[in-house]
1. Restricting to region 45-74, give me the number of residues that are assigned to a loop (DSSP other than H, G, I, E, B), surrounded by fewer than 22 Cβ atoms within 10 Å (Cβ to Cβ) and either modelled with pLDDT of 95 or more or in contact with a helix residue (DSSP H, G or I) (Cβ under 6 Å, 6 or more places away or on another chain) (or both).
2. Report, by residue number, each residue of region 75-89 that is in contact with a strand residue (DSSP E or B) (Cβ under 9 Å, 6 or more places away or on another chain) and not in a loop (DSSP other than H, G, I, E, B).
3. Identify, by number, the condition in (1) touching a helix residue (DSSP H, G or I) at 6+ places or on another chain (Cβ under 9 Å); (2) more than 20 Å from residue 73 (Cβ to Cβ) that residue 263 doesn't meet.
4. At pLDDT 95 or above and over 22 Å from residue 272 (Cα atoms): does that describe residue 106?
5. In region 138-151, is there at least one residue being part of a loop (DSSP other than H, G, I, E, B), in contact with a helix residue (DSSP H, G or I) (Cβ under 8 Å, 6 or more places away or on another chain), at pLDDT 95 or above and within 16 Å of residue 71 (Cβ to Cβ)?
6. Identify, from the list 204, 200, the residue that is in contact with a helix residue (DSSP H, G or I) (Cβ under 8 Å, 6 or more places away or on another chain) and buried (at least 24 other Cβ atoms within 10 Å of the Cβ).
């Protein structure tokens, strides 16, 4: 989750070894418009939609990839939402490896993401923060330490060695960065509806591991689950304080984590079986997140 071309879990999309490198009813997998624009004919309200975010938004590895620089798929959840919502103007500015800094800074050929937002924008979705927290580095560290002590919790011990959990601190330090982005979005698009999208369920919600399929120590599965929940809780709180609606993608994806069988999972493990980046949503995961966003747009609560 840094600007070194890493996806939202911090691993290098399509560049790192896999071991270090995821559906709501009625939300059919559709071939959405290209990231530049969609123009459905005859739609009554000309909705202008802008999607901002990191690799969980862009969909690295999912066919069809339409932007090599950002590992962006035309079947990611913003593309599905734009099609289902009938967006007359759709800009997908999401990019793998993005942090909050890339809202203001170019990322390769991708302009600063906030450049896509204007006073004409009606809807903005934002999914960011995982790379700021360094979740990819946490995953890589847990995988490395888990191979040495599969029955223990070596990653949790490592991150808490100073007496304060380093990952929890990183989440707290990311909160003001998210606040800054939301305020910038509001300043550029004062009349837009703003959705802050959380991260889907990566690991078993019950904390039971699946070593060696996913090479974390048994005790670290619960630690990583709790770290992700802490990140999502922070996003929910920041959204509430900044006139944004939080979209829960964790709840709708419980039971489809990377430990599940290939036919049942929406998040790919560190060695993906379906086209997707390691520890990232596959096409079904993106479809599930699209369903959560559409549910929120339809007036649903932040959880389902």
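1. Filtering region 45-74 down to residues assigned to a loop (DSSP other than H, G, I, E, B) leaves 45-47, 54, 59-64, 68-71, 74.
This time we only want the ones that are surrounded by fewer than 22 Cβ atoms within 10 Å (Cβ to Cβ), so: 45-47, 63-64, 68-69.
Going one step further and asking which of them are either modelled with pLDDT of 95 or more or in contact with a helix residue (DSSP H, G or I) (Cβ under 6 Å, 6 or more places away or on another chain) (or both), we end up with 47, 63-64, 68-69.
Here the count works out to 5.
2. From region 75-89, those in contact with a strand residue (DSSP E or B) (Cβ under 9 Å, 6 or more places away or on another chain) are 76-79, 81-83, 85, 87-89; that's our starting set.
77, 78, 79, 81, 82, 83, 85, 89 - these are the residues of region 75-89 that are in contact with a strand residue (DSSP E or B) (Cβ under 9 Å, 6 or more places away or on another chain) and not in a loop (DSSP other than H, G, I, E, B).
3. (1)
4. Working: at pLDDT 95 or above: yes; over 22 Å from residue 272 (Cα atoms): yes.
Yes; evaluated as a whole, the condition is true for this residue.
5. There is no residue in region 138-151 that is part of a loop (DSSP other than H, G, I, E, B), in contact with a helix residue (DSSP H, G or I) (Cβ under 8 Å, 6 or more places away or on another chain), at pLDDT 95 or above and within 16 Å of residue 71 (Cβ to Cβ).
6. On the way: 204 fails: buried (at least 24 other Cβ atoms within 10 Å of the Cβ).
200 is the lone residue from the list that is in contact with a helix residue (DSSP H, G or I) (Cβ under 8 Å, 6 or more places away or on another chain) and buried (at least 24 other Cβ atoms within 10 Å of the Cβ).
The values are calculated or read from the model by the stated rules, or taken from the named source; none is laboratory data. Here the structure is a predicted model, which is why all the values come from computation and not from measurement. Counting neighbours? That spans all protein chains shown, and the Cβs are built from the backbone with ideal geometry, glycine included.
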